[in-house]
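One structure is given below, encoded as structure tokens.
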Amino acid sequence: SPSKGVDFWTLGLQIAGIASLTGAINLIVTVLNMRAPGMSLMKMPVFTWLITVVQFLLLFAIPVITVALFLLTFQRSFGAQFFDVAAGADPLLWQHLFWIFGHPEVYVLILPSFGIVSEVLPVFSRKPLFGYPFVVFSGAAIGFVGWGVWAHHMFASGLGPVSVAVFSVATMAIAVPTGVKIINWTLTMWGGKLVFSTAMKFSVGLIVLFTIGGLSGVTHSVAPSDTQQTDTYYIVAHFHYVLFGGAIFGLFSGFYYWWPKMFGKMLNERLGSWNFWFMVIGMNLTFGPMHILGLQGQPRRMYQWTEARAGEGFFNIAFWNLVASIGSLVLTFGILLFLINIAITARSKVRAPLDPWNARSLEWMTSSPPKEHNFDSIPHVHHLDEFFHRKYEEDPVTHTMREVATAEQVLAELERNADAHIHMPSPSYWPLVLAAGLPIVALGILYSIPVAIVGGLVILYAIYGWSLEPSVAADSDYEGPSSNGHEVGATHG
Ligand SMILES: [Cu+2]
């Protein structure tokens, strides 16, 4: 395309890629080096585990798209010919590079939501997560196998029978670790005392909707039928079931679950229930019919058809397009209810209880919202669900769990033993200066090289200033609550 739009998009993605890459390295190093004492890797919450897997995916996937975008920039702005057929190059190179990045990227999108569901389900089933090691290792397995399936996006591009067969089998195989997770979640709920809070509803919604999308995904691994479905609405139906019914529903589950932790106020549960039902009905009305439309041959990204080929009765294209349009309105209304819920909650003066869900994991062992330094004293971890095990102990006679401390008592105990000095990372303006230099370089590449050099100098200057700063704030910046004598626990509860 002749306009500069693609170039802006390319360079914008490069800048976002730098952010993802540095964020990934930061989180990996933090998880490997800075866990609380006693928290071995197999006592780490599943959410943290899967976020770590995601960072490794980003660490290896971002460089691939970076290379692809560099090639594109050099082709478009500096006369290189990486994808030019007339010059003997092959545009398929772009598809390969894009999907070697692109397929791991879909796991970057879905695994955090899998982590959220793995935290929410045990809390509202009043049971520990079923098969914790299986959930963790199947997550890691997805992280590995996810690198060997990218060409299932390219079955129609003439790869040849051997490649197609290999990627078909690999794609069928990657359904296994995902199926393991779905079985573990189901067995977590099995026999539990289920509490259908809004967060729980969204998590159960994810399991059902993602499973539908997963099954249509497996049909794509069958190369002959995939060739038929390529670029039809069937594909659109599939990836909205996994990414809307999966990833987005997981995020909403997390919103309702952690809102009181982040902001100290509860989202309205009644409105939340309406929010959920409008979204789940709207989502199925919108994306469900697309299975039929795609199998009937309607190409994706198109909204017109000839009446003579629209099909009759149940398979009429016009009818299912109408259903999908109505569904998208229902879905929009559902999301609007969420925004209304946020506005109502923001105005409300009612504080959330310290432990509104009877939660199990460490993040609930501090005030809501958490203090700047998170914990008054770093907790020593002995169990996977550390907070739960501080509140409940097993009765030696009946072998049932009985409450030995309330959340308030656990927190007060932590505050009584507060660390006198807490080291905080030092705030810095230099990262902002550095970030401001990047778009200057990008604009320079598009319009004038001297401008790019100026941007480069800004970046160098910022790196220089940043690296000369102390990495830890002076001790006097923060005094623990024990040293200034205010009443312990008075601000909580
Ligand atoms: Cu894929």
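If the chain linking I326 and A405 were pulled fully straight, counting 0.36 nm for each residue of separation and taking away their Cα-Cα distance, it would gain 23.3 nm.
For the chain, what does the helix formula give at 222 nm: sum of -39500 (n - 2.57) over DSSP H segments with n ≥ 4, over the residue count, nearest 500 deg cm²/dmol?
After summing the helix terms and dividing by residue count, I get -21500 deg cm²/dmol.
Solvent-accessible surface of segment 5-61, averaged per residue with a 1.4 angstrom probe and all protein chains in place: 48 square angstrom. For the chain, the square roots of the Cα gyration tensor eigenvalues, ordered a ≥ b ≥ c, give a/c of at least 1.5 with a/b no greater than b/c, which places it in the oblate category.
When the charge dipole of the chain is built from unit charges on Cβ atoms (+1 for Lys and Arg, -1 for Asp and Glu) and taken about the Cα centre, the candidate among I340, A442, G143 whose Cα reaches farthest toward its positive end is I340. For the pair V166 and V208, the difference between a 0.36 nm per residue extended length and the Cα-Cα distance amounts to 12.2 nm. Mind checking the angle between helix 449-467 and the chain's longest principal axis? C-alpha axes, 0 to 90 degrees, to the nearest 10. The two axes meet at around 20 degrees.
For the chain, the longest principal axis of the C-alpha atoms and the axis of helix 233-242 are separated by about 10°.
A straight line joining the Cα centroids of segment 403-466 and segment 197-213 runs 35 Å. In percent, rounded to a whole number, the relative contact order of the chain is 13, using alpha-carbon pairs under 8 Å and six or more apart.
Of I100, I25, the residue with the largest accessible area leads and the full order is I25, I100 (1.4 Å probe).
If only the Cβ of Lys and Arg carry +1 and only the Cβ of Asp and Glu carry -1, the dipole of the chain around its Cα centre is close to 940 debye.
Each of T52, T332 has its accessible area taken with a 1.4 Å probe; listed largest first, they run T332, T52. Once the Cβ-Cβ distance of I18 and L460 is raised to the sixth power relative to R0 = 22 Å, the FRET efficiency obtained is 0.90.
Stretched out straight at 0.36 nm per residue, the stretch from S467 to F56 would grow longer than its current Cα-Cα span by 145.4 nm. Distance between the C-alpha centres of segment 27-80 and segment 227-277: 24 Å, rounded to the whole angstrom. Rounded to the nearest 10 degrees, the inclination of helix 249-263 to the longest alpha-carbon principal axis of the chain is 30 degrees. What the Cβ-Cβ distance of W430 and E312 gives, at R0 = 56 Å and to the nearest 0.05, is a FRET efficiency of 0.25.
Annotation for F78 and D395: the two label points, set 7 Å from Cα along the Cα-Cβ direction, are 7.4 nm apart. With only Cα atoms counted, segment 196-345 has Rg and Dmax values of 17.4, 59 Å.
Surface composition of the chain: carbon and sulfur make up 70 percent of the accessible area, probe 1.4 Å.
Here L251 and L194 are evaluated by their C-beta separation; at R0 = 35 Å the FRET efficiency comes out at 0.95.
Based on C-alpha pairs under 8 angstrom that are at least 6 apart in sequence, segment 367-449 has a relative contact order of 27 percent. Remark: segment 196-345 carries a charge dipole of roughly 460 debye about the Cα centre, counting +1 on each Lys and Arg Cβ and -1 on each Asp and Glu Cβ. Excluding ligands, DNA and RNA, the accessible surface per residue across segment 362-419 is 55 Å² with a 1.4 Å probe. For the pairs K181/K371; K127/K261; K201/K265; K43/K349, flag any whose C-alpha to C-alpha distance is greater than 30 Å. Long pairs (Cα-Cα over 30 Å): K181/K371; K43/K349.
The values are calculated or read from the model by the stated rules, or taken from the named source; none is laboratory data. Model, not experiment: these values are computed from the prediction. Please note: Cβ atoms are built from the backbone with ideal geometry, for glycine as well, and neighbour counts cover all protein chains shown. For accessibility, only protein heavy atoms count, side chains too; no ligands or nucleic acids. Shrake-Rupley method; radii C 1.70, N 1.55, O 1.52, S 1.80 Å.
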